[in-house]
Amino acid sequence: MALPSVWSEMRVGILLLSVLSLLSARLVGAGQDSGNVIPAESRPCVDCHAFEFMQRALQDLKKTAYNLDTR
């Protein structure tokens with residue numbers, strides 16, 4: 001007869017853990033929303049950063065190739 005009480009205690013424990021995890025996830029999400037958020041209009045897009053990086057890399061390669069040719 002001890003077996004059904006163990007199962008009921010486990011169910012209550014699992015339910016309690018689930019509720020606590022949901023509440024903590026909500027609190028963490030609410031804490032991340034507050035703060036300094038830069039609007040999307042003033043941030044450069046990822047493609048722009050990648051394009052600028054590739055331009056600089058190509059310029060470096062051109063300089064290196066020119067220096068090797070002049071030697």
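The values are calculated or read from the model by the stated rules, or taken from the named source; none is laboratory data. Keep in mind that what you see is a predicted model, and the values were worked out from it rather than measured. We place every Cβ from the backbone using ideal geometry, glycine too, and count neighbours over all the protein chains shown. Accessible surface areas use protein heavy atoms only, side chains included; no ligands, DNA or RNA. Shrake-Rupley method; radii C 1.70, N 1.55, O 1.52, S 1.80 Å.
Can you tell me how many residues in segment 23-47 are modelled with pLDDT of 70 or more and surrounded by 10 or more Cβ atoms within 10 Å (Cβ to Cβ)?
3
Identify, from the list Met10, Met54, the residue that is open to solvent by 100 Å² or more (accessible area, probe 1.4 Å), assigned to a helix (DSSP H, G or I) and at pLDDT 70 or above.
On the way: Met10 fails: open to solvent by 100 Å² or more (accessible area, probe 1.4 Å).
After ruling out the rest, the residue left standing is Met54.
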